[in-house]
1. Can you tell me which residues in region 97-116 are of a type outside the set (S, T, Y) and within 23 Å of the chain's Cα centre (by Cα)?
2. Return the residues of region 157-206 that are in a loop (DSSP other than H, G, I, E, B) and either modelled with pLDDT of 95 or more or of a type in the set (D, E, K, R) (or both); say none if nothing qualifies.
3. Starting from residues that are touching a helix residue (DSSP H, G or I) at 6+ places or on another chain (Cβ under 8 Å) and closer than 30 Å to M68 by Cα, keep the ones in region 104-144 and report whichever is surrounded by the fewest Cβ atoms within 10 Å (Cβ to Cβ).
4. What number of residues within region 130-144 are out of contact with any Ser or Thr (no Cβ under 7 Å at 6 or more places or on another chain) and either among the aliphatic types (A, V, I, L, M) or closer than 17 Å to I170 by Cα (or both)?
5. Scan region 108-126 and tell me whether some residue there is without any contact (Cβ under 8 Å) to a residue 24 or more places away in the chain, part of a strand (DSSP E or B) and not charged (D, E, K, R).
Amino acid sequence: MNKIHLAALIFGLFSASASADMTPYIGINLGIGGIEAPDADIDGMNYSQESGKFAWGLNSGVLFNAEMNNKFQYGAEVSYSSYATNETKIENLRFDYDGYNVAALGVAKYNFNKKWSIFGKAGAAYTVQDLSSNVSAFNKKESKVLPKIGLGGSYNVTNNFALNVGFEHIFGDDLVEFTNKANNYQLSDYTHVGSVTTMYIGAGYSF
């Protein structure tokens, strides 16, 4: 399933609500995040990690008003997220992780009043991970469609402009680089796509 089909699937779930009040929106997010490297389980080896660096994202979607509760909205969005290089060193071996993801998510939002609201998101993300190493100019790019969730809150500065804070997580694979099993693998065997965690602040505009 490619990212275009993924987006069409999520938006198709909400096509029956076209007659309801509809609010399109766009947003931009800035924060910290990246590949989630577990605590290293490598006995007797020097280990260091640099993660949680600059991350950013764009999102666009549409919300519908629930007929039975005017404080509740639901809808769907597509988003793009990227993050700076995460670096991990094990003895003289260095792993650099870059990546991005394109997601299609269902969205639920609850408005406490005209100013404050909370939201949750869930869906799937086409997740790309680019792994490189200082050994023989090694480079390997892998991708998977993985589950993604998000939680956050919003403050409406005006009727159209809002400030957001949020947390997003992609549920990926355990990375063999961070276990004693790493000694039994060749670099060419690293085909896993790790989990991704991002925390951000952002701004959104509703039309």
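1. D98, G99, N101, V102, A103, A104, L105, G106, V107, A108, K109
2. Once the filter is applied, which keeps residues that are in a loop (DSSP other than H, G, I, E, B) and either modelled with pLDDT of 95 or more or of a type in the set (D, E, K, R) (or both), region 157-206 yields V157, T158, N160, F171, D174.
3. G106
4. 4
5. no
The values are calculated or read from the model by the stated rules, or taken from the named source; none is laboratory data. Not measured: the values here are computed from a predicted model. Virtual Cβ from ideal backbone geometry, glycine too; neighbours counted across all protein chains shown.
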